[in-house]
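Structure first, commentary second.
Throughout, read-outs are computed from the coordinates displayed, never taken from laboratory work. Keep in mind the model is a prediction, meaning the values are calculated, not measured.
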Amino acid sequence: MLRIHIPFGGGARRWKLDVSAPPVEATQTGSRFGALFLIVFALVWGGFPSVGLLSLLRQGQTGPEALLFLLFPLIAAGLILYGVQRLLWRRTVAFDGTTFSVTERGLRGVKRWREPLTAFQGVMRHKRRVRTKNRSYTLYMVDLQHRDDERTINLYTDTSDRGFREIWEDYARRLRLPAFEEGDAGMVRREAGDLDKTVSQLIGEGKVDVDYEALTRRARGLAVSFEGDTVVITRTGPQNSWWGSLIAVLFPLLFVGAGFFAPDLPLAGRIVFAGVGMLFEILFVIGVVQDLTTRRRLRVGPDGVRVNRVGGRGETEGKRMPLDAIESVSMARTGRGRRPAVIMAGDAASLDFGAGLPRPSLDFVLNTILAKIAESARRRR
């Protein structure tokens, strides 16, 4: 039996269970560095406020200020438990060709279970947005879907979308199960024989319809123009919601307030709180200003689609996908706050546009792309 050990999380966010030559066994573990960093961060997060809280309690002060200091060590305790769980977590997945066996160890003990391949509904691909202290990224995942979510098995995870669709298709063929995608109305099933077909081919076979009526409806939040045969669709507002941006800007002020308006906190603690608060405030303000001053743009032309940004400094290069490389155009919830967007996917990469826009506007974008693909297919014939 082939045995593979793959660290997961932290700096190593990649995992793949190779089912091509069973029996196979692979083990995922939590990132030791990431778990230790989280524990140390939680101790610092809760340590200084705990000193301040003890100082207030010794002086007999139990007012609102004490409750504010209590919040930090409570959050820190939760972070420490989560860090210990990541430190101890270990999952082993084995496949013998007909049955999957899973053993999971963690803070709550050991859990084991087995399921035959026939108990799984299909192979589903999806994306998940992850945000950390320093940055955010997207995980591209392929899961073996079970009716019981507790028994769904992650087959593949990576931070790059390169080959994402091809890997998903390969799993579906090897396991001889239907292929699913997350759509706005739930999972969308694709027949095995259609997995390698482009949208252009599916339109030609009458398996994908273009809703031309959607192109006549008002598309709120979008400005539409033309550059020759290319349709240019630009968002008229920012990508993020106003309340999300407001929270991002106001949250660091808690640290700044603790640093400047907590006289009973030791000087070192006040400096740390004020410094951390100001650093986060600067970073979040830069992000919000960039979101407010730039707009996402989608170009749909006879040769392909391109998604980029336009702002005061001009237009970025962005990312491009040829029309004949697009194997699906769907409406699904993206990792950015789980908001619906139009997803264009192929074997090599995927693009998304319009996250958070109203449904009629997303219908307009989706059918604009389909109409251009159909038009390009007619020209080639």
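Observations on the structure shown:
- Convex hull of alpha carbon positions in segment 289-381: directionally averaged projected area 6.6 nm².
- Summary of the geometry: segment 22-44 and segment 143-162, compared by the centres of their Cα atoms, lie 18 Å apart.
- Potential lengthening between D303 and T99 on full extension [0.36 nm per residue; Cα-Cα distance subtracted]: 68.9 nm
- Fully extending the segment from W113 to I286 would add 57.5 nm, taking 0.36 nm per residue of separation and subtracting the current Cα-Cα distance.
- The lysines within cross-link reach of K127, meaning a Cα-to-Cα straight distance under 17 Å and a gap of 8 or more places when in the same chain, are K16.
- Taking 15 Å as the straight-line reach from the Cα of K372, the aspartates and glutamates in range (excluding those fewer than 8 positions away in the same chain) are D209, D211, E213, E227, D229, D303, D324, E327, D363.
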